[in-house]
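Asker: Input: one structure, supplied below.
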Amino acid sequence: MVDIQKQIDAVERELRTADIDGAPSNVQKIGQRYPSGIDDLWQAVTTPDRIARWFMPVSGDLELGGRYQLEGNAGGEVLECSPPADGTASYRVTWEYGGGVTWLTVRLTEESADRTRFELEHTARTADVPPGMWETYGPGATGVGWDQALLGLSLHLGSVDGSISPAEAEAWQLSDEGKAFTRAAADGWAAAHIAAGADSAAAASAAEATYAFYTGQQ
């Protein structure tokens, strides 16, 4: 059993629009504080053996200028990498999937010797979003996936009780417990959508479509 509500409540979700290098873009941000020192959390989010324990297997050169590939998923290039120094750390990569390119930035901020804030920012040019995708699913299309990733990291670091290996994640997602988590995460992104200025009915409709997609109803 996983304490779903504890995990959902621990996550901060934010959506905004921005002009990135002259291109209108959607920027999603998701964050959580973990009971881990910054060096340990950095290892958890940058080394292949640790990443495989909470996310999915990854190969490639995980260093500045190198390329990575997640097994059966996205790949990309490491554009920036700043290991822990003076209480902060970060890296930036391209997220290349299905012929499209978006960008991820991960930031770590030390709050104490055994507490660190993790933040992931996902940026996509609005012109690159497939027609109708945003109108149908809204930010939950990618946001629920990042919620799942943070849950995996929480279980790995002991923020919440329970155990779900990456190999078990797909089956768990379709269990009653997994569906309840997806429902809450989709609603969380609907709230972020509304806070960013979306119509409440449109945000709710997008959350319903996202939930149906992640639970195999679409």
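The values are calculated or read from the model by the stated rules, or taken from the named source; none is laboratory data. As the structure is a prediction and not an experimental result, all values here were calculated from the model. Here the Cβ positions follow ideal geometry from the backbone for every residue, glycine too, while neighbour counts run over all protein chains shown. To get the accessible areas, we keep the full protein, side chains included, count just its heavy atoms, and leave off ligands, DNA and RNA. Shrake-Rupley method; radii C 1.70, N 1.55, O 1.52, S 1.80 Å.
Asker: Using a simple charge model, +1 on the beta-carbon of Lys and Arg, -1 on the beta-carbon of Asp and Glu, nothing else, what dipole does the stretch 123-218 show about its Cα centre, in debye to the nearest 20? Walk me through the intermediate numbers first.
Answerer: On the way: 3 positive and 11 negative charges, 35 e Å.
So the dipole magnitude of the stretch 123-218 works out to roughly 160 debye.
Asker: Let me ask you something else. Along Cα→Cβ, 7 Å out, is where each label goes; now give me the distance between the ones at A113 and V101 in nm to one decimal.
Answerer: Between A113 and V101, the simple spin-label model gives 4.5 nm.
Asker: Considering only protein heavy atoms and a probe of 1.4 Å, how much of the accessible area of the stretch 100-213 is carbon and sulfur, as a whole percent?
Answerer: C and S atoms contribute 55 percent here.
Asker: Now for a different question. Once you wrap a convex hull around the alpha carbon atoms of the stretch 1-127, what is its projected area averaged over all directions, in nm²?
Answerer: Average of the hull's projected areas for the stretch 1-127 equals 9.1 nm².
Asker: If you stretched the chain out fully between A201 and E12, how much longer would it get, using 0.36 nm times the residue separation minus the C-alpha to C-alpha distance?
Answerer: 65.8 nm
Asker: How large is the helix-only mean residue ellipticity at 222 nm for the chain, computed as the sum of -39500 (n - 2.57) over DSSP H runs with n ≥ 4, divided by its residue count, in deg cm²/dmol to the nearest 500?
Answerer: -12000 deg cm²/dmol
Asker: Could you calculate the contour length gain from E168 to A180, that is, 0.36 nm times the residue separation minus the distance between their Cα atoms, to one decimal place in nm?
Answerer: Full extension from E168 to A180 adds 2.7 nm.
Asker: Average projected area of the Cα convex hull of the chain, in nm²?
Answerer: Mean projected area for the chain: 11.8 nm², to one decimal.
Asker: Could you give the dipole magnitude of the chain about its Cα centre, charging the beta-carbon of Lys and Arg +1 and that of Asp and Glu -1, in debye to the nearest 20?
Answerer: 180 debye
Asker: Next question, about the same structure. Could you compute Rg(Cα) / (2.2 N^0.38 Å) for the stretch 104-179, with N its residue count?
Answerer: Here the answer is 1.36, to two decimals.
Asker: A further question on this structure: Which shape class applies to the stretch 85-214: rounded if a/c is under 1.5, otherwise prolate when a/b exceeds b/c and oblate if not, where a ≥ b ≥ c are the square roots of the Cα gyration tensor eigenvalues?
Answerer: The shape class here is oblate.
Asker: Still on this structure, please answer the following. Could you give the DSSP H helices of the chain that reach 18 angstrom or more along their long axis (alpha carbon positions) and whose average Kyte-Doolittle hydropathy is no lower than 0.0? Walk me through the numbers on the way to the answer.
Answerer: Numbers: long enough: 140-157 (25 Å, 0.70); 176-195 (29 Å, -0.14); 200-214 (21 Å, 0.59).
Passing helices, by number: 140-157, 200-214.
Asker: Taking Cα pairs under 8 Å and at least six residues apart, what relative contact order does the chain come out at, in percent?
Answerer: Across the chain, relative contact order equals 24 percent.
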